[in-house]
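Asker: Dumping the structure here so I can ask a few things about it.
The values are calculated or read from the model by the stated rules, or taken from the named source; none is laboratory data. Because the structure is a prediction, the values reported are computed rather than measured. Virtual Cβ from ideal backbone geometry, glycine too; neighbours counted across all protein chains shown. The protein model used for the area step is the full one, side chains on, heavy atoms only, and it has no ligands, DNA or RNA in it. Shrake-Rupley method; radii C 1.70, N 1.55, O 1.52, S 1.80 Å.
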Amino acid sequence: MKYINNNGEVYEKDYDIQIERHTASHILAQAIKRLYPNAKLAIGPAIDTGFYYDFDDLNIKQEDLQNVEDEMKKIIKENLKIESYSLPKKEALELMKNEPYKREIINDLPDTEKISFFKQGEYIDLCVGPHMLYTKSIKAVKLLSITGAYWKGSQNNKMLQRIYGTAFENKEALEEFLIKKEEAKLRDHNKLGRELEIFTTNDLIGQGLPIMLPNGAKILQILQRFVEDTEARQGWQLTKTPFMAKSDLYKLSGHWDHYKEDMFVLGDEKKDEEVFALRPMTCPFQYQVYLNRGRSYRDLPMRLNETSTLFRNESSGEMHGLIRVRQFTISEGHLMCTPDQLEEEFKGCLKLAIYMLKTLGLYEDVSYRFSKWDPEDKQKYIGTKEQWDEAQGVMEGILNHLGLDYKVGVGEAAFYGPKLDIQIKNVHGKEDTLITIQIDQMLAEKFGMEYIDKDGTKKRPYIIHRTSLGCYERTLALLIEKYAGAFPLWLAPIQIKILPISDNELLYANEIKAKLENEGFRVKVDSSDEKIGYKIREAQLEKLPFMIVLGAKEKEENTISVRSRQAEKQDQIKLNDFILNLNNIINEQIGKDI
RNA sequence: GCUGGGAUAGCUCAGUUGGUAGAGCAGCGGUCUUGUAAACCGCAGGUCGUCAGUUCGAAUCCGACUCUCAGCUCCA
């Protein structure tokens, strides 16, 4: 494959999908310029799933995309040769005199810089390249959607019109991508979760406030018991702190100055003597547990956990199914320790998180992000540069010592400290934080937390702020998508459905149900008068782990016919053998050691 | 919060240039008592997201709001 770089040099290299996509974005811009000459060019990079190009003074609709795509295919067919050349800044500005966004980019470049351009036919774009050598090198291209996007990614700037598209090496690869995209939609928790009656929402209750239906509430209960029991075995002590507090608490913690926009405040500061706010984080509440009396080094490490319901007044456009909500519950915890305990305890928190991920089956799907502050953003963060350097330095040391493969996210830290975020992508490819482990010194200082050390002097403890399985609602959403609703046995809200072939077996069915429930299993009997084939199909749609078919034969022989959701047909066995089998499966699923 | 779609029965969706709402599935009642992908008959179910407007007349046209989807921004 031939490419051209911004020195005008042509070179040979293996097929590079990112270069193809970047070239496709130029062809998109060329097509837009031909069809809508008044449109202004912003930027058009390649991304993970394809490419986009941002335009101003363009107002097209979804229906117009096909037309644009047809024009792109025409340009590809014309097989224009792509050339590159450089200009001094002054001439570059002159060349782009009708492109305000390009001029802004050029103006931001140093004066000494030679500015490179790529040209294909009548179309010229400011670009560092490289590109494919001919437009015909684009083998499969498709425009996908059209949305708004802020210029330079800042909401203070104008919103431009962004066109998303994708390109592949051949038509088959494009086709496969589109099919996968459609399949992903079927796993979408926001659709599947409603279909499987896990949750719903309601106009009267409001945005970002999902209602957990019996199936969803059951899964959350199972998860919560699992988390609390596991944490207890790891030396965590459960606390229960209030859902709200006076504004005084938040003023001390810094939330009032740095987080009030995102809080639900009860009352009016101007009129009321006392104003309350629902808690957006548990830290300042749980710190009061530590502060309940003086602490000695003998009390450390002190591990406090809480199944903690939080309230955040997210902007209206942010809410999404169970992934982004206004009220949610997290497996939160705060760990107070001495400096020389810090690394070991941090490791313990990470180990616990990884154990949770492995048990849930999500371990292979996560990535790690070291979230630092942005020194430029004075509004967002409390503390001094020295404090941040220290906290980040400590965390970086630990992360590197653990040999963790992580990316750095600048400006992603909490307002009070750096974080190790464990990230996961949903079915649409959008990444969110599932679990977070943070080192917090600023709030410890604000609340005056200390301990008496061996030498009798007062010292400030290090505090690790962490979640073990993260936000329950978000985790549930990811689990729905991971398993496409077919939950592992230990998590399934209904584990077994009993299908009597006729009403003659109803009594026997209820007998089996009672015995299974007595063993702690979650069972449902299908007492409808449908035919057995229909009942099986229904049970399959519910994605339950097991079904039991009971007819005259089973009743006669005092057996059951069991079928797992993967199996083609059922096996006739004794109930006790089935119970043994179920327990084995569950032990396998949650019995792993930390 | 911003840009652009959308909201009709529990669900999936029809509904023509404005004339007063329909199907399939689910539900309920009955018949059938069934051995592996949808038995048969019947019934019921809607303030067409909400509110205000234009009109003799609005699911349909205009406006505001609510909710929802995709993306941006923000974030667990």
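Asker: Assess whether residue A:210 counts as being open to solvent by less than 60 Å² (accessible area, probe 1.4 Å), within 11 Å of RNA strand B (Cβ to nearest atom) and closer than 30 Å to residue A:336 by Cα.
Answerer: Values: open to solvent by less than 60 Å² (accessible area, probe 1.4 Å): yes; within 11 Å of RNA strand B (Cβ to nearest atom): yes; closer than 30 Å to residue A:336 by Cα: no.
The answer is no for residue A:210.
Asker: Follow-up. Among the residues of segment A:510-536, what is the count of those that are under 24 Å from residue A:217 (Cα atoms) and aromatic (Phe, Trp, Tyr)?
Answerer: Qualifying residue count for the region: 1.
Asker: Quick one: which residue in A:387, A:441 is away from RNA strand B (no atom under 16 Å from the Cβ), open to solvent by 20 Å² or more (accessible area, probe 1.4 Å) and touching a Gly at 6+ places or on another chain (Cβ under 8 Å)?
Answerer: Numbers: A:387 fails: touching a Gly at 6+ places or on another chain (Cβ under 8 Å).
Selected residue: A:441, the only one of A:387, A:441 that is away from RNA strand B (no atom under 16 Å from the Cβ), open to solvent by 20 Å² or more (accessible area, probe 1.4 Å) and touching a Gly at 6+ places or on another chain (Cβ under 8 Å).
Asker: Moving on. Give the residues of segment A:222-252 that are in contact with a strand residue (DSSP E or B) (Cβ under 7 Å, 6 or more places away or on another chain), of a type in the set (S, T, N, Q) and farther than 17 Å from residue A:328 by Cα, sorted by residue number.
Answerer: Those that are in contact with a strand residue (DSSP E or B) (Cβ under 7 Å, 6 or more places away or on another chain), of a type in the set (S, T, N, Q) and farther than 17 Å from residue A:328 by Cα: A:237, A:239, A:247.
Asker: I'd like to check something: does segment A:301-311 contain any residue that is closer than 30 Å to residue A:496 by Cα and not aliphatic (A, V, I, L, M)?
Answerer: Yes, segment A:301-311 contains at least one residue that is closer than 30 Å to residue A:496 by Cα and not aliphatic (A, V, I, L, M).
Asker: Now for a different question. Out of segment A:176-194, which residues are among the charged types (D, E, K, R), open to solvent by 50 Å² or more (accessible area, probe 1.4 Å) and either touching a residue at least 24 places away in the same chain (Cβ under 8 Å) or assigned to a loop (DSSP other than H, G, I, E, B) (or both)? Full working, then the answer.
Answerer: Just the residues of segment A:176-194 that are among the charged types (D, E, K, R), to begin with: A:176, A:180-183, A:185, A:187-188, A:191, A:194.
Keeping just the survivors that are open to solvent by 50 Å² or more (accessible area, probe 1.4 Å) gives A:176, A:180-183, A:185, A:187, A:191, A:194.
Answer for segment A:176-194, where residues must be among the charged types (D, E, K, R), open to solvent by 50 Å² or more (accessible area, probe 1.4 Å) and either touching a residue at least 24 places away in the same chain (Cβ under 8 Å) or assigned to a loop (DSSP other than H, G, I, E, B) (or both): A:185, A:187.
Asker: Moving on. Could you give me the residue pairs with C-beta distances under 9 Å whose first residue belongs to segment A:552-577 and is closer than 18 Å to residue A:532 by Cα, whose second residue is of a type in the set (Ser, Thr, Tyr) and in a strand (DSSP E or B) wherever it lies, and which are 6+ apart or on separate chains?
Answerer: A:553/A:561; A:554/A:561; A:569/A:561; A:570/A:561; A:570/A:564; A:571/A:561; A:572/A:561
Asker: Hey, can you tell me all the residues within segment A:251-262 that are farther than 16 Å from residue A:446 by Cβ and open to solvent by less than 10 Å² (accessible area, probe 1.4 Å)?
Answerer: Answer for segment A:251-262, where residues must be farther than 16 Å from residue A:446 by Cβ and open to solvent by less than 10 Å² (accessible area, probe 1.4 Å): there is none.
Asker: Here's something else I'd like to know. Give the residue that is surrounded by the most Cβ atoms within 10 Å (Cβ to Cβ), with candidates limited to residues of segment A:109-165 that are among the charged types (D, E, K, R) and over 17 Å from residue A:33 (Cα atoms).
Answerer: Within segment A:109-165, the match that is surrounded by the most Cβ atoms within 10 Å (Cβ to Cβ) is A:142.
Asker: Within segment A:464-490, take every residue that is open to solvent by 10 Å² or more (accessible area, probe 1.4 Å) and basic (Lys, Arg) and give me the one that is nearest to residue A:340 (Cα to Cα).
Answerer: A:474
Asker: Can you tell me which of A:273, A:343 is open to solvent by 50 Å² or more (accessible area, probe 1.4 Å), in contact with a His (Cβ under 9 Å, 6 or more places away or on another chain) and without any contact (Cβ under 8 Å) to a residue 60 or more places away in the chain? Break it down stepwise before answering.
Answerer: Values: A:273 fails: in contact with a His (Cβ under 9 Å, 6 or more places away or on another chain).
The match here is A:343.
Asker: Would a scan of segment A:30-43 turn up a residue that is open to solvent by 10 Å² or more (accessible area, probe 1.4 Å), closer than 19 Å to residue A:144 by Cβ and under 32 Å from the mean Cα position of the chain (by Cα)?
Answerer: Within segment A:30-43, one or more residues are open to solvent by 10 Å² or more (accessible area, probe 1.4 Å), closer than 19 Å to residue A:144 by Cβ and under 32 Å from the mean Cα position of the chain (by Cα).
Asker: Give me a count of the residues in segment A:321-332 that are more than 17 Å from residue A:423 (Cα to Cα) and either of a type in the set (A, V, I, L, M) or near RNA strand B (Cβ under 6 Å from one of its atoms) (or both).
Answerer: 3
Asker: Now a separate question. So which residues in segment A:161-203 are polar (S, T, N, Q) and either more than 23 Å from the chain's Cα centre (by Cα) or within 16 Å of residue A:429 (Cβ to Cβ) (or both)?
Answerer: Residues of segment A:161-203 that are polar (S, T, N, Q), as a first pass: A:161, A:166, A:170, A:190, A:200-202.
Passing the criteria: A:161, A:166, A:170, A:190, A:202.
Asker: Right, something else. Taking residue A:71, is it acidic (Asp, Glu), out of contact with any Ser or Thr (no Cβ under 8 Å at 6 or more places or on another chain) and open to solvent by 60 Å² or more (accessible area, probe 1.4 Å)?
Answerer: Numbers: acidic (Asp, Glu): yes; out of contact with any Ser or Thr (no Cβ under 8 Å at 6 or more places or on another chain): yes; open to solvent by 60 Å² or more (accessible area, probe 1.4 Å): no.
No: the conditions fail for residue A:71.
Asker: Could you pull out every one of the strands (runs of 3 or more DSSP E) wholly within segment A:61-174 that has 3 or more residues that are within 16 Å of RNA strand B (Cβ to nearest atom)?
Answerer: On the way: elements: A:82-87, A:115-120, A:123-126, A:140-150, A:159-168.
Of the strands (runs of 3 or more DSSP E) lying wholly inside segment A:61-174, those with at least 3 residues that are within 16 Å of RNA strand B (Cβ to nearest atom) span A:140-150, A:159-168.
Asker: Please go through segment A:410-423 and pick out each residue that is more than 10 Å from RNA strand B (Cβ to nearest atom) and open to solvent by 10 Å² or more (accessible area, probe 1.4 Å).
Answerer: Hit for segment A:410-423 is A:410, nothing else.
Asker: Within segment A:424-435, which residues are in contact with an Asp or Glu (Cβ under 8 Å, 6 or more places away or on another chain) and either more than 8 Å from RNA strand B (Cβ to nearest atom) or acidic (Asp, Glu) (or both)?
Answerer: Those that are in contact with an Asp or Glu (Cβ under 8 Å, 6 or more places away or on another chain) and either more than 8 Å from RNA strand B (Cβ to nearest atom) or acidic (Asp, Glu) (or both): A:424, A:425, A:426, A:427.
Asker: For the condition basic (Lys, Arg), within 16 Å of RNA strand B (Cβ to nearest atom) and modelled with pLDDT of 95 or more, what is the one hit in A:279, A:303, A:298?
Answerer: Values: A:303 fails: within 16 Å of RNA strand B (Cβ to nearest atom); A:298 fails: within 16 Å of RNA strand B (Cβ to nearest atom).
Going through A:279, A:303, A:298 in turn, just one is basic (Lys, Arg), within 16 Å of RNA strand B (Cβ to nearest atom) and modelled with pLDDT of 95 or more: A:279.
Asker: Also: Just checking, which of A:505, A:557 is more than 27 Å from residue A:218 (Cα to Cα) and surrounded by 19 or more Cβ atoms within 10 Å (Cβ to Cβ)?
Answerer: Numbers: A:557 fails: surrounded by 19 or more Cβ atoms within 10 Å (Cβ to Cβ).
Within the list A:505, A:557, the selection yields A:505.
Asker: A further question follows. Out of segment A:114-143, which residues are of a type outside the set (Lys, Arg) and over 17 Å from residue A:18 (Cα atoms)? Walk me through how you get there before you give the answer.
Answerer: Of the residues in segment A:114-143, the ones of a type outside the set (Lys, Arg) are A:115-118, A:120-135, A:137-138, A:140-141, A:143.
Matches in segment A:114-143: A:115, A:116, A:117, A:120, A:121, A:122, A:123, A:124, A:125, A:126.
Asker: Identify the single condition in (1) surrounded by fewer than 16 Cβ atoms within 10 Å (Cβ to Cβ); (2) within 16 Å of RNA strand B (Cβ to nearest atom) that residue A:351 does not satisfy, given that it satisfies every other one.
Answerer: Here residue A:351 meets the rest and fails (2).
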